[in-house]
1. Could you work out the local net charge near T81, counting Lys and Arg as +1, Asp and Glu as -1, over the other residues with Cβ closer than 12 Å to its Cβ?
2. Considering the chain as a Gaussian network with a 10 Å cut-off on Cα pairs, which listed residue, A172, A160, A141, attains the greatest mean-square fluctuation?
3. Got a sec? Charge dipole of the chain, +1 on Cβ for Lys and Arg, -1 for Asp and Glu; which of S127, A176, L115 is way out at the positive end?
4. Taking each pair of distinct Cα atoms in the range 86-151 once, what is the resulting Kirkwood hydrodynamic radius in Å?
5. Size of the dipole of the range 40-183 about the Cα centre, Lys and Arg at +1 and Asp and Glu at -1 on the beta carbon, nothing else charged, in debye to 20?
6. Using only the Cα atoms of the chain, what semi-axes does the equivalent ellipsoid have when each is the square root of 5 times a gyration tensor eigenvalue? Give whole Å, largest first.
7. Are there GluC sites (Glu not before Pro) in the range 1-78 that DSSP puts in a loop and that have at most 14 other Cβ atoms within 10 Å, and which ones?
8. Please identify, among G85, G49, G97, the residue showing maximal mean-square fluctuation in a Gaussian network model of the chain using a 10 angstrom Cα cutoff.
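The values are calculated or read from the model by the stated rules, or taken from the named source; none is laboratory data. Quick caveat: nothing in here was measured; it's all calculated off a predicted structure. Every residue, glycine among them, receives a Cβ derived from its backbone with ideal geometry; neighbour counts consider all protein chains shown. Just the protein is used for accessible areas: all its heavy atoms, side chains included, with ligands, DNA and RNA removed. Shrake-Rupley method; radii C 1.70, N 1.55, O 1.52, S 1.80 Å.
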Amino acid sequence: LESIMASIEARKPDFDAFIEPQKKYADYVIEVLPTQLDPEDKKTLRVRGIQKKGVADFNPTYLFDEGSEITWVPSADKLSTPAPGMKLAYIQEQYFGNDVAVLEMDGSFDNIQELVYVESNLGNTNSKFYGEVTQAMLSLADSPGSNNGTGLMQTLAAFAIRELYNKKSAAAKLAATTAAAAA
């Protein structure tokens, strides 16, 4: 942990100079923060998927009810989590002057297969079928973050990018077909 922290600190000047200034232009930002579940816990992460509203061909992922504000602690009978547990939230806020929807996961889970319980309460995941988010997480089960919000938010971001690409590709194909027919 100490070597990781030292590596992060060594890269902080580059982050401050090159990454931080770009965040205000991003449509999707993943923030990785210390947990709020236990102030003594230095290993558990709180991860926020910050999704800009009003972006063409993009609909933010939400928890339970789009546009609402929700904090949810999943049932321990349906989702096994190590201490200090897990809490999910969906809130609306301003981020660099933009309206955003924030999906947050604080904590981790023991069994990735049980993530389907969380997935069943998410909307606009851009998945092609029910369970695809969980399936994608399972395919990376041995990767760092596969049991916490970093993996979940990266998976949701990847699905959003895939969906955006498919929409843009379909629009370009239609435009090309229409132009060819008019010629």
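1. Details: positive: K78, K87; negative: D77, D106, D110, E114.
Surrounding charge for T81 is -2.
2. Top of the fluctuation ranking is A172.
3. It is A176, whose Cα lies furthest towards the positive end.
4. Working: mean 1/r = 0.0769 Å⁻¹.
Here the Kirkwood hydrodynamic radius works out to 13.0 Å.
5. Values: 13 positive and 17 negative charges, 124 e Å.
Dipole magnitude for the range 40-183 comes out near 600 debye.
6. Working: eigenvalues 191, 96, 53 Å².
Over the Cα atoms of the chain, the semi-axes work out to 31, 22, 16 Å.
7. Details: sites: E2, E9, E31, E40, E66, E69; in loops: E40, E66, E69.
Sites meeting the loop and neighbour criteria: E40, E66, E69.
8. Looking only at G85, G49, G97, the largest GNM fluctuation is found for G97.
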